[in-house]
Amino acid sequence: MDYRASLSFIRLLANLRWLAVVGQVLTVLIVTGPLQLALAEVPLWAGIGALAAFNVYATWRARQSEELSDAVVFAHMLVDIGSLTWMIAWSGGVENPFSSLFLLPIALSILALPGPWVWATAVASILGYGVSALLGRSYACPPPVRRRTSHRCSRGPDRTCSLAGRPVYPR
């Protein structure tokens with residue numbers, strides 16, 4: 001890959017990461033505030049802080065570098081997958097509607113990396129999804145949802161919380 005393409009892609013990732021940080025902050029504030037989900041806030045805020053700190057470095061590094069390898073681009077993708085794994089695991093596991101975002105690094109890697117690195121990104125995303133599934137914790141539904149569904153948001157297509165306050169899949 002041409003080094004200029006790597007630098008422009010790293011800059012794109014940094015910009016997308018800033019959007020992710022802002023989105024995560026807003027999501028945690030809304031979900032733990034008005035929606036009253038009892039999530040472990042400390043690990044979530046730590047994950048957001050770590051991602052923001054890495055992105056400060058990544059933004060600076062992209063402006064200082066003259067050349068980046070495919071391995072560096074892949075390492076950035078790994079940080080994003082690791083951060084997503086952390087956030088999903090601490091916020092409901094694969095029940096979290098944002099768990100589908102594990103497909104995004106694969107799609108982005110197709111744009112900037114050669115085949116073997118794309119496959120490595122796909123494997124890392126699958127592993128991240130698996131780890132978040134294994135470590136993910138169910139969470140208590142907020143009071144308005146609890147009255148309309150079971151007492152807990154649980155695994156399974158028939159009882160999943162939605163923002164609308166009713167099961168996503170009707171019985």
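Are there any pairs, at least 6 apart or on different chains, whose C-beta atoms fall under 7 Å, with the first in the stretch 34-54 and among the hydrophobic types (A, V, I, L, M, F, W, C) and the second in a loop (DSSP other than H, G, I, E, B) and open to solvent by less than 40 Å² (accessible area, probe 1.4 Å), and if so, which?
Pairs found: LEU35/PRO142; LEU37/TYR139; LEU37/PRO142; ALA38/TYR139; ALA38/ALA140; LEU39/SER91; LEU39/TYR139; LEU44/SER91.
Would you mind telling me which numbered condition in (1) open to solvent by less than 20 Å² (accessible area, probe 1.4 Å); (2) touching a Gly at 6+ places or on another chain (Cβ under 6 Å) TRP86 fails?
(1)
From (1) farther than 22 Å from SER109 by Cα; (2) open to solvent by less than 60 Å² (accessible area, probe 1.4 Å); (3) part of a helix (DSSP H, G or I), pick out the condition that doesn't hold for VAL42.
Only one criterion is unmet by VAL42, namely (2).
Suppose we keep only residues that are open to solvent by 40 Å² or more (accessible area, probe 1.4 Å) and within 10 Å of the chain's Cα centre (by Cα) within the stretch 91-102. Which one would you say is farthest from VAL25 (Cα to Cα)?
Only one residue fits best here, namely SER100.
Only residues that are buried (at least 20 other Cβ atoms within 10 Å of the Cβ) and polar (S, T, N, Q): list them for the stretch 103-141, please.
Selection gives SER109, THR121, SER125, SER132.
Which residues, taken from the stretch 28-39, are surrounded by 14 or more Cβ atoms within 10 Å (Cβ to Cβ) and out of contact with any helix residue (DSSP H, G or I) (no Cβ under 8 Å at 6 or more places or on another chain)?
Correct list: VAL31, LEU35.
If you take the residues in the stretch 55-65 that are in contact (Cβ under 8 Å) with a residue 24 or more places away in the chain, part of a helix (DSSP H, G or I) and more than 18 Å from the chain's Cα centre (by Cα), which one is nearest to LEU26 (Cα to Cα)?
Per the stated criteria, the residue is THR59.
Within the stretch 103-132, how many residues are aromatic (Phe, Trp, Tyr) and more than 13 Å from the chain's Cα centre (by Cα)?
Residues meeting the conditions: 2.
The values are calculated or read from the model by the stated rules, or taken from the named source; none is laboratory data. Everything quoted here is computed from the prediction, not taken from an experiment. Here Cβ is always computed from backbone atoms with ideal geometry, including for glycine, and neighbour counts include all displayed protein chains. Protein only, heavy atoms only, side chains kept; ligands, DNA and RNA dropped before computing areas. Shrake-Rupley method; radii C 1.70, N 1.55, O 1.52, S 1.80 Å.
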